[in-house]
Structures are given as structure tokens and as C-alpha cells.
Amino acid sequence: MNNVQLAAHVNDTVARQRNVPAMFVIGLLRDSCSTNGAACRRLKVCFPAAADVMCVCHTLCHVGEHFILPVLDEFMTPWLELVGGRGAHHGARALWRETVAPAEVPGYSNIRWYAKAEIIFVIGEAGTRRLRDFLLECEQRSYGDATRTKMLTIYNSKGEDLRLQIAAMLDMRKLVSTTYELEGDRLEILLTFDRIEALRTLGRSLKNHDDGILPNVDAVLRRLMTLKKDVNIEKYFRGHGVCEGKLVKQEKINSTLYPGQEVEAWLVKYTSDGTEEHFEEEELRSGKDGPSPTAGDGKPVLVVRHLPARNAICDALTPGFDYLESRIMGTCDAQFSCANMYELCRVIRAFDPNFADAHLTPGFVDSMQAITPLAAHDMLLGLKQELPLYLAAAASAPAFDKSDVVGYTDAILKWWRTNGNSFPKWAMAARIAFALSPNSASCERVFSLLENMFGDQQLASLADYIRAALMLKFNKRTVG
């Protein structure tokens with residue numbers, strides 16, 4: 001379908017077949033496909049009270065696609081052919097499952113960036129030693145001659161870059177977990193703004209090359225670092241805080257890690273007072289991941305935050321977050337802008353009693369005109385009138401745990417069921433707001449279920465049978 005046909009089909013289904021009054025349609029939920037966007041612009045004429053909400057999960061998926069990690073991309077192409085893709089070598093796939101057991105090996109979808117990311121996470125957590133052993137065993141068994149040879153060549157010639165870029169992906173796990181958190185059918189709409197703001201903050205930190213944001217990359221750099229004179233270290237001293245020092249020279253000492261043995265150790269001199277002490281290489285390389293040592297740590301930490309390799313990783317990840325910023329701020333092509341939707345997500349937090357207690361004012365209610373159905377139905381004046389009642393109830397609301405989307409949703413809905421009768425205009429507005437979703441996962445899930453349940457041999461299935469089977473499966477209900 002083109003956008004004209006799609007808009008006509010949706011309008012016919014909603015207005016004629018379902019007899020839904022035009023003003024009762026409150027949301028048009030879509031991905032950023034240009035056809036869908038053009039269709040929704042046409043439908044806005046038919047359904048003027050509907051908010052146009054773009055799927056934030058599709059946007060986050062595209063963020064990951066903008067990371068520039070060439071060695072990892074080069075490695076993953078033969079990996080998916082041999083091990084992780086749909087047409088992978090059965091022997092290689094089984095061997096990899098044995099190698100990483102009991103960890104689970106995720107499936108792969110070529111239209112979901114985070115499906116590829118999940119595969120990389122398993123590789124990274126397995127470690128380079130098990131990865132090398134796996135590739136050598138594939139060579140021993142003659143699995144996938146060309147693909148195996150290519151992976152081994154990359155591993156042997158670009159191993160350090162590969163390790164760093166895999167570590168960078170592990171440090172971007174927050175991007176994937178946020179995508180999953182916002183992909184459900186609950187009250188993700190109340191959480192979207194805060195979750196995206198956290199990612200934007202991460203993006204700004206990457207652009208500034210801030211310390212502590214890439215713990216896995218920093219750990220790899222500490223293992224790869226060449227120890228030599230004038231390399232910087234940091235160590236926490238109780239009562240004095242973090243002190244900086246430099247490696248001075250190597251000397252033979254009696255080991256503190258292995259009593260009775262004489263080992264080579266580095267003499268460290270602290271710049272603040274000239275104090276000196278010795279550290280064995282194992283101590284230096286096993287220092288705390290992340291930023292400067294915290295109180296009570298007391299381990300020496302090799303300083304890597306200014307290394308060119310680390311800066312290069314920050315620069316490689318930044319384009320993904322620049323892309324997110326352009327979508328959120330609307331500096332991209334108009335058809336891909338999420339600016340209006342993001343403003344809706346910002347103000348819709350008013351229906352979280354905890355947020356309302358801390359931030360809701362009459363002026364904020366005015367800004368809720370960004371929630372199109374509320375403005376179209378002239379509900380804002382009524383919300384202002386009932387605002388004191390809502391705020392009084394919100395002041396005694398429990399603290400809602402936002403880390404668990406399911407638990408958060410159940411708790412919010414329970415609160416509104418218990419208290420909503422005291423401010424009915426807010427309760428009706430909440431019902432409208434809670435019907436909106438920041439994702440198109442529900443229809444995507446329907447497509448997947450239909451594909452799995454009805455193949456070529458079921459093409460003649462009757463519509464009522466398909467609908468009943470789909471509803472049972474979607475709602476996780478069993479027959480009998």
C-alpha cells in the first residue's frame with residue numbers, strides 16, 4: 001500500500017466497520033517508515049483528536065546502527081554466516097553453545113540491531129580466550145573454511161581493536177535494555193522521557209570523553225597497556241582521598257601476593273608528597289574498573305581516560321547518540337522528527353502521582369496541551385480546577401519503583417483505581433493518557449504470531465478462526 005491507500009484502509013476499518021466516532025480515536029501509533037508517516041498525516045484530518053506517536057524502540061534500534069565499529073562489523077559478518085545467523089553451520093552453532101554453556105545463545109534478526117548486539121554480548125562475556133579456543137576448534141573440525149579463516153585472520157591481526165570494540169558494545173548494554181523496557185504493553189509512556197534522558201546524558205558524556213562511562217573498555221585498556229616509566233596511576237588513601245602517582249622503575253622485591261617469591265615490581269612515586277611504594281604487575285592491571293577509586297578500595301588503578309584508543313572508542317559511539325539527539329530535537333528531516341512526541345512524553349508524566357507531587361503546577365497543566373486528545377476535548381481547564389484535589393492525594397502516594405515496568409504499571413493503575421473517583425476529570429484524562437503507547441510492539445507481535453501460527457498450508461483458514469487463535473495466543477490464554 002502507498003500512504004493514500006493505507007490511510008483510506010485505516011479510516012474505513014475504524015469509522016465504517018467499527019463505527020468508532022472520529023473524536024474517540026486518541027492515538028496513531030507508528031514507526032518512522034515514510035509511508036506510515038504520510039498516512040498518519042492524512043488520518044489526522046479524519047481523527048483530529050489523535051496524537052501522532054512514533055515508536056521510540058525503532059528509533060533506539062537505529063541509534064545502534066550508527067555506531068562506527070569497523071573491526072567488529074567486519075568480524076560479525078562471517079560470524080553470523082558460520083555461527084549466529086539463520087543459515088548458520090549446525091556443527092559450529094552447536095559447538096558455540098557448548099563453549100559458552102550455561103549461557104544462552106540468542107537468536108538473530110537482520111532487522112533488529114539489538115538482536116546482533118545480544119549475540120555480541122555473549123561473545124564478550126565468554127572472553128577472548130574462549131573465543132580463540134572456539135575458532136581453533138572450528139579449524140580443527142574444518143567448519144566453514146572461508147568464514148572461519150576470515151575470523152581467525154581478524155582475531156590474529158586486529159585482536160586488540162576487536163577486544164576494545166566488543167567491550168564498547170558491552171558498555172552500550174543500557175541502550176539495549178532501555179529498548180526492551182519500552183517495548184511492552186504497559187505504562188511505558190510514563191517512563192519514556194526519563195529513560196531517553198538517561199541515554200542522552202550518556203551520549204553527552206561520550207562526546208566529552210568523560211571518565212567512568214566505559215568500564216569494560218577501560219578494563220581492556222588496562223590489560224593491554226604497556227607498563228613503562230611515567231605511566232599514571234591513582235590510589236585511594238583513607239583520610240587523604242585519591243592520590244596520583246607515576247611509575248618510576250622496575251625493581252626486584254619479595255612478593256606480597258606470593259610470599260616467599262622474588263618478583264619484578266614497579267616503584268610508584270606519588271606526586272603530592274613524594275611517597276613511594278611497590279606494586280606487582282598483577283596488582284596494577286587488576287585495579288578497579290571505571291572512574292577513580294572509591295573509598296575503601298585501596299587498589300592502584302592505571303589511568304586510561306586520556307589514552308587515544310579510549311578517545312577513539314568514545315568518538316566511534318558518539319554518532320549513534322548524535323542521531324538520537326537529532327531525532328529528539330527535530331533537527332532531522334521533518335518526517336523523522338520525534339520532537340512533538342517527546343514533548344508529549346515529557347508532560348504525560350503528570351499522571352505519575354510521585355512526579356505530580358514534586359513538579360505539577362497550573363503552568364505545567366497548560367503545557368499538557370501537547371497531549372493532543374486532552375487539548376482536542378477541552379479537558380485542560382477541568383484538570384486545573386481539580387488540581388488541588390489531585391495534588392493532595394498525590395502527596396500521600398507511595399514511592400513507585402520505576403525499575404520494574406510491570407510492577408510500576410500495576411502500582412500506578414491500582415493507585416488510580418483507588419483514588420481516581422475523587423478527581424474524575426483527572427481520572428478520565430489518565431485513561432486517555434494510559435491508552436497511548438511509545439512503541440508499535442503490539443502490532444509487531446501480532447505479525448510475528450501470525451507468521452509462526454499460519455504458514456502456507458493455512459492460507460485458506462477462515463477469518464474468525466485466525467482471530468480467535470490470535471487473541472488466545474496474544475493474551476497467553478489456553479483452551480480447555
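Taking 26 Å as the limit for the C-alpha separation, the pairs Lys44/Lys473; Lys116/Lys207; Lys116/Lys158; Lys174/Lys402 exceed it in the case of Lys44/Lys473.
Heavy-atom accessible area, probed at 1.4 angstrom with all protein chains present, ranks Glu281, Glu262 as Glu262, Glu281, highest first. The order of Cys243, Cys443 by accessible area, most exposed first and with a 1.4 Å probe, is Cys443, Cys243. On full extension, the segment bounded by Thr331 and Asp410 gains 24.8 nm, given 0.36 nm per residue less the C-alpha separation. Summarising the label geometry, the points placed 7 Å from Cα in the beta-carbon direction at Arg417 and Glu282 lie 5.8 nm from one another.
Determine, from the Cβ-Cβ distance of Ala392 and Glu98 and an R0 of 60 Å, the FRET efficiency 1/(1 + (r/R0)^6), rounded to the nearest 0.05. After rounding to 0.05, the efficiency reads 0.45. Pairs of Lys residues in the stretch 210-360 that lie 8 or more places apart, or on two chains, and have C-alpha atoms under 15 angstrom apart add up to 15.
Between the Cα long axis of helix 215-224 and the first principal axis of the chain there is an angle of about 20°, rounded to the nearest 10. Extending 7 Å from the Cα toward the beta-carbon at both Lys249 and Thr201 defines two label points whose distance is 4.7 nm. With the highest mean first, a sort of the peptides 223-232, 159-168 on other beta-carbon atoms found within 10 angstrom per residue produces 159-168, 223-232. Spin-label model, Ala312 to Thr256: label points 7 Å out along the Cα-to-beta-carbon direction sit 3.5 nm apart. Look at the alpha carbon pairs under 8 Å that are at least 6 residues apart: their mean separation over the length of the stretch 328-480 gives a relative contact order of 17 percent.
Its relative contact order, with pairs defined as Cα atoms under 8 Å and 6+ residues apart, puts the stretch 147-222 at 43 percent. Rolling a 1.4 angstrom probe over the protein heavy atoms with all chains in place gives the chain an accessible area of 51 Å² per residue. Here the accessible area of the chain is 52 percent carbon and sulfur, with a 1.4 angstrom probe and all protein chains present.
Using a cutoff of 8 angstrom between alpha carbon atoms and counting only pairs six or more residues apart, the relative contact order for the chain works out to 17 percent.
Relative to the current alpha-carbon distance between Asp357 and Asp145, full extension at 0.36 nm per residue lengthens the span by 70.0 nm.
Here the gap between Ser177 and Leu224, fully extended at 0.36 nm per residue and compared with their Cα-Cα distance, gives a gain of 14.0 nm.
Shown in residue order for the stretch 253-263 are the 3J(HN,Hα) couplings computed by the Karplus curve 6.51 cos²θ - 1.76 cosθ + 1.60 at θ = phi - 60°: 9, 6, 5, 8, 7, 10, x, x, 10, 9, 9 Hz (x for Gly and Pro). FRET efficiency for the pair Asp210 and Asn19, taken as 1/(1 + (r/R0)^6) with r the Cβ-Cβ distance and R0 = 51 Å, rounds to 0.35.
The values are calculated or read from the model by the stated rules, or taken from the named source; none is laboratory data. Here the structure is a predicted model, which means the values were calculated and not measured. Glycine also receives a Cβ, built like all others from the backbone with ideal geometry; neighbour counts cover every protein chain displayed. For accessibility, only protein heavy atoms count, side chains too; no ligands or nucleic acids. Shrake-Rupley method; radii C 1.70, N 1.55, O 1.52, S 1.80 Å.
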